[in-house]
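Engineer: Provided herewith is a single structure, encoded as structure tokens, for subsequent inquiry.
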Amino acid sequence: MIRFLHASDLHLGKPFGGFPEEVRHRLRQARQESIGALAKAARDGGASHVLLAGDTFDAETPTRATLRQAMNAMAGHDDLTWVLMPGNHDHLGAEEIWGTLERERPDNVTLALAAEPIELWEGAMLLPAPCTTRSPGRDLTEWMDGAETGEAIRIGLGHGSIRDFRPVDEMGGEGGVVIAPDRAMRAGLDYLGFGDWHGRIEVAASTWYSGTPEPDSFKPHRPAGALLVSLAAAGAAPEVKEVETGQIVWTRVALDLLDTEDPTERLSEALPDLTGRDRTLIDIRATGRTGLAGHAALARAIEDVAPDFLWANSDLSTLAVTHEADDLSRIDNRGAVRDAAEALAAAADAGDTAAAAALTRLFSYALEVK
């Protein structure tokens, strides 16, 4: 029985632009600490190797500190063997990465830089397909079909997509170059581990995307982590166990409101527990309908809870707003402001979304003044 941890897409050094600096720092720190989390997952599961299927680094020219700290962290877990394979972000053309690592890597780090078998254990061979460029333009796993490994267990490692996500009108009548989803069967692989997609996906019983060990978007992926893989013998079905490793939580709260509901109650019910909010990024999206008072109350409630979280964002732009005559009176009973409110209300009733947004802001301002 051999056991290894399949992981990918650490994206060390990812800048996380668009976030405040203190949030960016925390996200980058979590990425660096994912090496320790992977080591613990491997050790707890009885694995001796950690196979990283590409995009260990986020850019072609990471800082020396990013490279050095990654190697130091792996060297600190010298009971494990770390295997790094280039992905599309840190492809073979990124000479600064791989030249530096060839010179400075610790003894327990193996670089899979060529499409040729690597003996991981006696009787177990790794068949890597390192990315040659950012967009190789061909299926780099094809070589595995004819690779000679004798009676050894065959483990493939690839990076890329098994689907073409480009719009049809951009394909020019032909699909883009993708990895054959049945490569494991074609090449007689006992296990094929992919990187590239940041969500964990079971393509087939012996073919998996591990996903990233730290989440980096609000997409509804499985929990961030890695895969603990056990292989008893060549030809035996792999035992694959999902392991969670993520520190930071990315949560999207979707509120689809009815105008008869209290939006603040719905928000309260949908928010995560207090414990852990300081390591949670939250994105609140509201749709449906509510009254002017409900919209204002929801905006205030979101503003009130935002400091609980590592980062908070909200979008109420697609939340339709209804209004009553009393609502306009709460803005003003008469005069120019009341005239403006009535004009905005009429335009909003006619479907003018900009007028509806302006009316909600005017209502909120009126409440603040009063």
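The values are calculated or read from the model by the stated rules, or taken from the named source; none is laboratory data. Everything numeric in this text was worked out from a predicted model, so none of it was measured. Don't worry about glycine lacking a Cβ; one is built from the backbone with ideal geometry, like all the others, and counts go over all protein chains shown. What goes into the accessible areas is simple: the full protein's heavy atoms, side chains included, and nothing from ligands, DNA or RNA. Shrake-Rupley method; radii C 1.70, N 1.55, O 1.52, S 1.80 Å.
Engineer: If a residue has to be open to solvent by 60 Å² or more (accessible area, probe 1.4 Å) and charged (D, E, K, R) to count, how many in segment 309-330 make the cut?
Structural biologist: Of the residues in segment 309-330, 3 are open to solvent by 60 Å² or more (accessible area, probe 1.4 Å) and charged (D, E, K, R).
Engineer: Moving to a separate point now. Just wondering, is there one or more residues in segment 233-245 that are hydrophobic (A, V, I, L, M, F, W, C), loosely packed, with under 13 Cβ neighbours inside 10 Å, touching a strand residue (DSSP E or B) at 6+ places or on another chain (Cβ under 8 Å) and in a strand (DSSP E or B)?
Structural biologist: No: segment 233-245 contains no residue that is hydrophobic (A, V, I, L, M, F, W, C), loosely packed, with under 13 Cβ neighbours inside 10 Å, touching a strand residue (DSSP E or B) at 6+ places or on another chain (Cβ under 8 Å) and in a strand (DSSP E or B).
Engineer: May I pose another question? Considering every residue within segment 263-276, establish whether at least one is of a type in the set (A, V, I, L, M), free of Cβ contacts under 8 Å to residues at least 24 places away in the same chain and open to solvent by less than 60 Å² (accessible area, probe 1.4 Å).
Structural biologist: yes
Engineer: Looking at (1) under 22 Å from T141 (Cα atoms); (2) touching a residue at least 40 places away in the same chain (Cβ under 8 Å), which one does A70 not meet, given that it meets all the others?
Structural biologist: A70 satisfies every listed condition except (1).
Engineer: In segment 12-25, which residues are out of contact with any helix residue (DSSP H, G or I) (no Cβ under 8 Å at 6 or more places or on another chain), farther than 17 Å from T63 by Cα and open to solvent by less than 70 Å² (accessible area, probe 1.4 Å)?
Structural biologist: P20, V23, listed by residue number.
Engineer: What tally of residues in segment 288-302 results from selecting those that are open to solvent by 20 Å² or more (accessible area, probe 1.4 Å) and at pLDDT 95 or above?
Structural biologist: The total comes to 1.
Engineer: For segment 39-62, indicate whether the set of residues that are open to solvent by 10 Å² or more (accessible area, probe 1.4 Å), of a type in the set (V, I, T) and assigned to a helix (DSSP H, G or I) is non-empty.
Structural biologist: No: zero hits.
Engineer: Please work out if L258 is aliphatic (A, V, I, L, M) and in contact with a Gly (Cβ under 7 Å, 6 or more places away or on another chain).
Structural biologist: Values: aliphatic (A, V, I, L, M): yes; in contact with a Gly (Cβ under 7 Å, 6 or more places away or on another chain): yes.
So L258 passes the test.
Engineer: Among the strands (runs of 3 or more DSSP E) contained in segment 101-194, which hold 1 or more residues that are under 30 Å from H77 (Cα atoms), modelled with pLDDT of 95 or more and open to solvent by 70 Å² or more (accessible area, probe 1.4 Å)?
Structural biologist: Filter on segment 101-194 gives 118-121.
Engineer: Let me ask something else about it. Test each condition in (1) open to solvent by less than 10 Å² (accessible area, probe 1.4 Å); (2) part of a loop (DSSP other than H, G, I, E, B) for D79 and report the one that comes out false.
Structural biologist: Of everything listed in (1) open to solvent by less than 10 Å² (accessible area, probe 1.4 Å); (2) part of a loop (DSSP other than H, G, I, E, B), D79 misses just condition (1).
Engineer: Let me ask something additional. Just give me the residues in segment 205-220 being under 22 Å from V50 (Cα atoms) and surrounded by fewer than 19 Cβ atoms within 10 Å (Cβ to Cβ), in sequence order.
Structural biologist: A205
Engineer: Something else about it: Quick check, is D90 open to solvent by 30 Å² or more (accessible area, probe 1.4 Å) and part of a loop (DSSP other than H, G, I, E, B)?
Structural biologist: In short, no.
Engineer: When the residues of segment 26-38 are filtered to those that are open to solvent by 20 Å² or more (accessible area, probe 1.4 Å) and closer than 13 Å to G225 by Cα, which remaining residue is farthest from the chain's Cα centre (by Cα)?
Structural biologist: Going through the qualifying residues, I end up with G36.
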